[in-house]
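S.K.: I'd like to ask some things about the structure below.
Values quoted throughout were computed directly from the atomic coordinates according to the rules given, and no laboratory measurement underlies them. Fair warning: this is a prediction, and the values are worked out from it, not measured in the lab. So basically every Cβ, Gly included, is an ideal-geometry build from the backbone, and we count neighbours across all protein chains shown.
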Amino acid sequence: MAHKGLIFGIFLAPFHRAGDNPTLAIARDMELIEWLDHLGYDEAWIGEHHSAGWELIASPELVIAAAAERTRNIRLGSGVTSLPYHHPFMVAQRFVQLDHMTRGRAMLGCGPGALVSDAYVLAIEASTQRRRMDESLDAITRLLKCEEPVTIKTDWFEMREARLHLAPYSDPRFEIAVASTQTPAGMQAAGKYGLGVLSLGAGIPGGPEALAKQWEIAEDEAAKHGRTMNRRDWRLVINMHVAEDDEQALRDVHAGERIETVTYFEETLGRPPGRSDDPLRDGVKAGTTLVGSPETVAKGIQRLIDLSKGGIGGVMFRAHEWANREATMRSFELFARWVMPRFQGSLDTVFASRDWARANRKTIFAPNVQAIEKAYTDAGKPVPEDYRMRLVGGRDEDQKP
């Protein structure tokens, strides 16, 4: 990675209000990824969904391939590929190809499948999804080693002497991360196979406080299989919006958040209605939603780091359209300018240099002042009365403010 600190990016489901032009919605998603690349964000994870009207992208791989051609540095992952929906050999093949096409910028995010309606139309029983994800991960990780033919037979896929005819571009392979929300399954899968984690549970009630315990689950599982977990591969997923001040940020997103929560999560997906009169502000107070000024959002991120009891690798913001387009793009810019540097170590030397000059400006600038005053004198010109004041930064240090 190009810097020492946290990585930042988005988790793009995406969420687009039913009734919005879907062609334009997907085009906006592409433009957002380009904008984030311009601003220096590290990653974008693109989701896979097949029903329910809001989350429109069926193939993260298509978006990754297109976005790779429009961007320079940002890494692009599936957020996530629902492994029970695909033959694992084909998943491995597609992402190895993307690994080459992106010159190592592709990542594979894995999950059991989030939407019940997706699994239903594919005739997949919910009780089998996590087991299938584990079986798929076993096959994929074995294939990517490129060591020996893989023969596996399960009740839903079979491979006979399977091998990849194209090895990964990345050494030893591209990054793989597992999505985790509340159940132990995701953390256990990450620990078992030594993979990264996308913790979506950070954005739900009680989620931040459970982070440390969640990581322990992964570490315990990894130890059982002779592996170790790396916190730098641990990303938290949470909602964010930044404006110049807290109240402006809340005004920006209030109506859009309510529309998404009520019409999609409650009325379409069946989540129980919230009991609060102002759930957005409650989420901000609880630290499960980061909405506010750069200072407020920075404090929220620091709180998550502290609750992790040992540190995290990065924060991915769940891309949404709670605010209008201008405010949304401005939010990502404000975050990149005023929050990201705090967690990436890029301000340490800047502040150190400024503070050194500030503390020593009287002695540092004095010889220069004297030399230029002498030049005036040698030329037979009077020294301007305010000259010394201008050179030391606006006022003479011996004067009282």
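S.K.: Name the shape class, rounded, prolate or oblate, that the alpha-carbon gyration tensor gives for the range 117-243, where a ≥ b ≥ c are the square roots of its eigenvalues, rounded holds for a/c under 1.5, and otherwise prolate holds if a/b is larger than b/c and oblate otherwise.
M.R.: prolate
S.K.: Give me the aspartates and glutamates in straight-line cross-link reach of residue 381: C-alpha distance below 16 Å, same-chain residues under 8 apart excluded.
M.R.: 373
S.K.: Got a sec? How would 225, 38 order by Cβ neighbour count within 10 Å, fewest to most?
M.R.: 225, 38
S.K.: Spelling out what I want: for every residue of the range 245-259, take phi, set θ = phi - 60°, compute 6.51 cos²θ - 1.76 cosθ + 1.60 (Karplus), and round to whole Hz; glycine and proline get x.
M.R.: 9, 4, 5, 5, 4, 5, 5, 4, 10, 4, 5, x, 5, 5, 4
S.K.: Using 0.36 nm per residue of separation minus the Cα-Cα distance, give me the extension gain between residue 166 and residue 123 in nm, one decimal.
M.R.: 12.3 nm
S.K.: Next question, about the same structure. Out of residues 5 or more away from residue 110 or on other chains, whose amide H comes under 5 Å of its own, with H placed 1.01 Å from N in the peptide plane?
M.R.: Under 5 Å from the amide H of residue 110: 81, 177, 178, 179.
S.K.: Which ordering of 234, 322, 356 is given by a fewest-first count of other beta-carbon atoms within 10 Å?
M.R.: On the way: 234 25, 322 22, 356 11.
Going from sparsest to densest Cβ surroundings: 356, 322, 234.
S.K.: Rounded, prolate or oblate: pick one for the range 349-391, where a ≥ b ≥ c are the square roots of the eigenvalues of its C-alpha gyration tensor, a/c under 1.5 means rounded, and failing that, prolate if a/b is larger than b/c, else oblate.
M.R.: Verdict is prolate for the range 349-391.
S.K.: Using a Cα-Cα cut-off of under 29 Å, which lysines could be cross-linked to residue 309, ignoring same-chain neighbours fewer than 8 residues away?
M.R.: Correct list for residue 309: 4, 192, 213, 224, 285, 299.
S.K.: Moving on. Given a cut-off of under 8 Å on Cα pairs at least six residues apart, what relative contact order in percent is computed for the range 10-96?
M.R.: Once normalised by length, the contact order is 33 percent.
S.K.: For the range 217-324, max minus min Cα coordinate along each principal axis, in Å, sorted largest first?
M.R.: Extents along the principal axes, in whole Å: 49, 35, 23.
S.K.: Can you tell me which lysines have their Cα less than 23 Å from the Cα of residue 362? Leave out same-chain residues fewer than eight positions away.
M.R.: In chain and number order, the partners are 374, 400.
S.K.: Give the relative contact order (percent, whole number) for the chain; include only Cα pairs under 8 Å separated by 6+ residues.
M.R.: 16
S.K.: Please report the relative contact order for the range 112-224, taking Cα pairs under 8 Å with a sequence separation of at least 6, and give it as a percent rounded to a whole number.
M.R.: Numbers: 121 pairs, mean separation 19.4, N = 113.
17 percent.
S.K.: Tell me what the chain gives for mean residue ellipticity at 222 nm when only DSSP H runs of n ≥ 4 count, each as -39,500 (n - 2.57), the sum divided by the residue total, rounded to 500 deg cm²/dmol.
M.R.: After summing the helix terms and dividing by residue count, I get -14500 deg cm²/dmol.
S.K.: While we're here: Can you tell me the Rg and the Dmax, both Å, for the Cα atoms in the chain?
M.R.: When restricted to the Cα atoms of the chain, Rg and Dmax are 25.9, 98 Å.
S.K.: Taking 0.36 nm per intervening residue step and subtracting the Cα-Cα distance, what contour gain separates residue 268 from residue 116 on full extension?
M.R.: Result for the pair: 53.6 nm of gain on full extension.
S.K.: I've got another one for you. Classify the range 152-207 as rounded, prolate or oblate from the Cα gyration tensor: take a ≥ b ≥ c as the square roots of its eigenvalues, call it rounded if a/c is under 1.5, otherwise prolate when a/b beats b/c and oblate if not.
M.R.: Verdict is oblate for the range 152-207.
S.K.: Which peptide among 115-123, 130-138, 25-33 comes first, and what is the full order, when sorted by highest mean count of other Cβ atoms within 10 Å?
M.R.: Top to bottom by mean Cβ count within 10 Å: 130-138, 25-33, 115-123.
S.K.: Tell me, 158, 257 in order of fewest to most beta-carbon neighbours within 10 Å?
M.R.: Numbers: 158 12, 257 21.
Starting with the residue having the fewest Cβ neighbours, the order is 158, 257.
S.K.: Turning to a different aspect of this structure: If you restrict to DSSP beta bridges whose two residues both lie in the chain, what percentage is antiparallel, to the nearest 5?
M.R.: Around 10 percent of the beta bridges assigned by DSSP in the chain are antiparallel ones.
S.K.: On a full-extension model of 0.36 nm per residue, what is the gain between residue 213 and residue 361, subtracting their alpha-carbon distance, rounded to one decimal in nm?
M.R.: So the extension gain works out to 48.3 nm.
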